[in-house]
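J.: Structure below; questions to follow.
The values are calculated or read from the model by the stated rules, or taken from the named source; none is laboratory data. As the structure is a computational prediction, the values presented were derived from the model and not from experiment. With ideal geometry, Cβ positions are generated from the backbone for all residues, glycine too; neighbour counts draw on all protein chains shown. Accessible surface areas use protein heavy atoms only, side chains included; no ligands, DNA or RNA. Shrake-Rupley method; radii C 1.70, N 1.55, O 1.52, S 1.80 Å.
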Amino acid sequence: MKQRLNAAGRYNPRIPDDTITLVRGLARLMPDRQIARPLNRSGVETGHGNAWTQERARGFRKHYDIAVFRDGEWAERGEITLEAAAKLIGVCNMTALRMLRRGET
């Protein structure tokens, strides 16, 4: 199968669906500069085999029409971070995580 060239004369890489899903989920939680960190740590490469940067995350998000993170979005959805939940109930983060895993409310 012959790949199509883009305007710059380069081959357009195939992006796995799970990478798109992962970036879509991360974009709900954090801004572009922070999205690059977990992608790089987990070994996910860009379509051209590069490491992720803020600019690459932004470009990827825009290319796949993924909404940008907004401050206060978590509150609108009724979500809080583990750290905020731990502070709210007066326990350390690990205790809060154990409580979540056990299903305690």
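J.: Cα-based Rg of the stretch 10-70 per 2.2 N^0.38 Å, rounded to two decimals?
T.: The reported ratio for this selection is 1.01.
J.: Okay, next question. If the elastic network links every pair of Cα atoms under 10 Å, which of T19, T53, T81 fluctuates the most in the Gaussian network model of the chain?
T.: T81
J.: Residues with beta-carbon under 13 Å from that of I15, excluding I15: net charge, scoring Lys, Arg +1 and Asp, Glu -1?
T.: Charge balance near I15 sits at +1.
J.: Find the relative contact order for the stretch 14-105 and round it to a whole percent, using C-alpha pairs within less than 8 Å whose residues are 6+ positions apart.
T.: Computed over the stretch 14-105, the figure is 25 percent.
J.: Quick one: with all protein chains in place, what share of the accessible area of the chain is carbon or sulfur, to the nearest percent (1.4 Å probe)?
T.: Values: 4150 of 8060 Å².
Within the chain, the accessible surface is 52 percent carbon and sulfur.
J.: Ok, one more. Once Rh is set to the Kirkwood radius over Cα pairs, what Stokes-Einstein translational diffusion coefficient, in µm²/s, holds for the chain at a temperature of 10 °C and a viscosity of 1.306 mPa s?
T.: Answer, rounded: 98 µm²/s.
J.: If you roll a 1.4 Å probe over the heavy atoms of the protein chains, what accessible area per residue do you get for the stretch 40-104, in Å²?
T.: Computed with neighbouring chains in place, this is 74 Å² per residue.
J.: Also: How much net charge surrounds H63 when only other residues with a Cβ under 14 Å from its Cβ are counted (Lys, Arg +1; Asp, Glu -1)?
T.: Taking every Cβ under 14 Å from that of H63, the sum is +3.
J.: For K87, K62, give the ranking by accessible area with the largest first, probe 1.4 Å. Please report the intermediate quantities before stating the final value.
T.: On the way: K87 170, K62 135 Å².
Solvent-accessible surface, decreasing: K87, K62.
J.: In nm, what is the difference between 0.36 nm times the number of residues separating N40 and A67 and their Cα-Cα distance? Numbers along the way, then the final one.
T.: Values: separation 27, 0.36 × 27 = 9.72 nm, distance 2.07 nm.
Gain on extension, N40 to A67, equals 7.6 nm.
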